[in-house]
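Contents: one structure, followed by commentary.
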Amino acid sequence: HKQNSTRSYTDKSQVQTDVQQDLLACRKGDTFSCESGEYVIQAFLGEGSFGKVAKCLNLRNNETVAIKIHKSHLSNDDIEQEVAMLQALRAVDPDKNNLVRFIDSFDCQNCYCLAFEMLDKSLWDLMMDRRLTPLTLNEIRPITQQLLVAFHALKGLGIIHTDLKADNIMLVNHQDQPFKVKLIDFGLALPASKARIGMTMQIRSFRAPEVFLGLPISEAIDMWGLGCVMAFLYFSNYLFSHSSSYKTMKDICQMKVDSNNLEWRLMTAVENEHAKNPGDTGDDSEDDCYRRSVAERYRDFNLGGAVKAYMTMEDALEYEDGMEFLDFLKRLLHLDGERRLTPIQALQHNFITLAHLKDHSSTSYTEQAHEFMSVCTSFDYYYSVLEDQLRTHLKDSKARLTETLKKNREELKNGQKSRDCMKAQLEEIECQFFQKKKKKLVQMILLS
């Protein structure tokens, strides 16, 4: 039931039937040798449309890494694009910006390989391990904050990820650092400057309205994707249908348009049972989760009504936090990409900063919230980065302003010279004119 990413914006054929399977005939114990190390395959972690991911040991430094082994059907352009994006990421600190650390790229045994740091498991795997038990707001918050930091870094580099989903968010070490995450998989990432109207990107249920409607595409589509991920973690279900583009857009319209129906009502028996047993994986709940989106299950509700109907808040403080979550989600899922929250704006929202809980710091709920947020990049560091960026921006702006003023002075000076020159020419013409008139007048007097 997982949705596959799309490469259709490249206008190239998908997986071909004649793919040479021998290029993926790598086995446990095989060795890859390159400049960065000698890697021995210890296990295979998974396989997708791109190829396989193998857990490997670098014999030169005993570091365990993850190696992405590409399938042969991927074009050189696709692979070069991914490597270019990964190389661009090296301009920022991967640990402080919650981005996967890229180690090396190399050809080996007719396979093109990418080596990355070894991480724990994806959020999708976590949700499966939890039998689709929804995450709490205190668990969703640190994940969201870390992804915002990652997207702020990408925005600074002019990169759109285009493929945010639970599979591409990896826990670093969930046992020692609960909910510490990193953003992975830049196979479909592209420079924002190369985004063109009409490109198809993002899995369908996470696809932004502007992509569906053929409107200008920007980094804002990643923020829409983040809102969809947050909703997935909260509801343990897709917010919007993934069965067809029509149904997805229908769900988006329903969730965003206020209806005349009341947002509060008694749940049906099925809804009540699911709310009491969200992790139940029996036939009914599995069908409900995968075949019907949140919008389809709460057909009479908009986004606010669905979030409130799903709440299991035990006290007023949790409810207040839930309302901040709802406001945050609405701003991430704004239909207009230009009015959608940017990463830096989102990082200042109450749901992330916990400003709305500052007067309740002694409560167990607030203490737990701060404890979960301890895995996040410290705000001191983050704001120091922002200060450096602002200082650099002001310095650059001052330099540009100085250059502009200098240019304007020169133009004014040249303009003054031009005016003086024109004045002199006019005076000379005027003098010549009167001289001719005077000469003609003298001649007339003499003739008379």
Among (1) farther than 23 Å from LEU190 by Cβ; (2) modelled with pLDDT under 95; (3) buried (at least 18 other Cβ atoms within 10 Å of the Cβ), there is one condition VAL65 misses while meeting the rest; what is its number? (2)
Collect the residues in the stretch 119-160 that are under 14 Å from ASP222 (Cβ atoms) and outside any helix (DSSP H, G or I), keeping them in residue-number order. GLY158, ILE159, ILE160
Selected residue (only one of GLN20, GLN3 is surrounded by 12 or more Cβ atoms within 10 Å (Cβ to Cβ), modelled with pLDDT under 90 and not assigned by TED's automatic domain parsing to the domain that holds PHE102): GLN3
Unmet criterion (only one of (1) farther than 25 Å from VAL307 by Cα; (2) in a loop (DSSP other than H, G, I, E, B); (3) charged (D, E, K, R)) for ASP163: (1)
Quick check on the stretch 68-96: of everything there that is over 23 Å from ALA153 (Cα atoms) and of a type outside the set (A, V, I, L, M, F, W, C), which residue is modelled with the highest pLDDT? LYS68
I need the full set of residues from the stretch 183-242 which are over 15 Å from the mean Cα position of the chain (by Cα), in a loop (DSSP other than H, G, I, E, B) and farther than 27 Å from ARG141 by Cα, in order please. ARG196, ILE197, GLY198, MET199, THR200, LEU213, GLY214, LEU215, PRO216
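Take the conditions in a loop (DSSP other than H, G, I, E, B) and not basic (Lys, Arg) and apply them to PHE301. Does it pass?
Numbers: in a loop (DSSP other than H, G, I, E, B): yes; not basic (Lys, Arg): yes.
Yes: the conditions hold for PHE301.
Checking the conditions here, which among ASP163, ASP167, ASP107 is acidic (Asp, Glu) and over 19 Å from MET223 (Cα atoms)?
Details: ASP163 fails: over 19 Å from MET223 (Cα atoms); ASP167 fails: over 19 Å from MET223 (Cα atoms).
One residue alone meets the criteria, ASP107.
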Any chance LYS330 is basic (Lys, Arg), in contact with a helix residue (DSSP H, G or I) (Cβ under 8 Å, 6 or more places away or on another chain), modelled with pLDDT of 75 or more and closer than 30 Å to GLY225 by Cα: yes
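Within the stretch 417-433, can one find any residue that is in a helix (DSSP H, G or I), under 27 Å from LEU157 (Cβ atoms) and modelled with pLDDT of 80 or more? Talk me through it step by step, then tell me what you get.
Start the filter on the stretch 417-433 by keeping residues that are in a helix (DSSP H, G or I), which leaves 417-433.
Among the residues that remain, those that are also under 27 Å from LEU157 (Cβ atoms) are: none.
No: zero hits.
Kindly establish whether SER397 is within 28 Å of MET170 (Cβ to Cβ) and either at pLDDT below 75 or loosely packed, with under 14 Cβ neighbours inside 10 Å (or both).
On the way: within 28 Å of MET170 (Cβ to Cβ): no; either at pLDDT below 75 or loosely packed, with under 14 Cβ neighbours inside 10 Å (or both): yes.
So SER397 does not fit the description; no.
Can you name every residue in the stretch 119-133 that is among the hydroxyl-bearing types (Ser, Thr, Tyr) and crowded, with 18+ Cβ neighbours inside 10 Å? Working first, answer last.
To start, the set of residues in the stretch 119-133 that are among the hydroxyl-bearing types (Ser, Thr, Tyr) comprises 122, 133.
Matches in the stretch 119-133: SER122 only.
The values are calculated or read from the model by the stated rules, or taken from the named source; none is laboratory data. What you see is a predicted model, and the numbers here were worked out from it, not measured in a lab. Please note: Cβ atoms are built from the backbone with ideal geometry, for glycine as well, and neighbour counts cover all protein chains shown.
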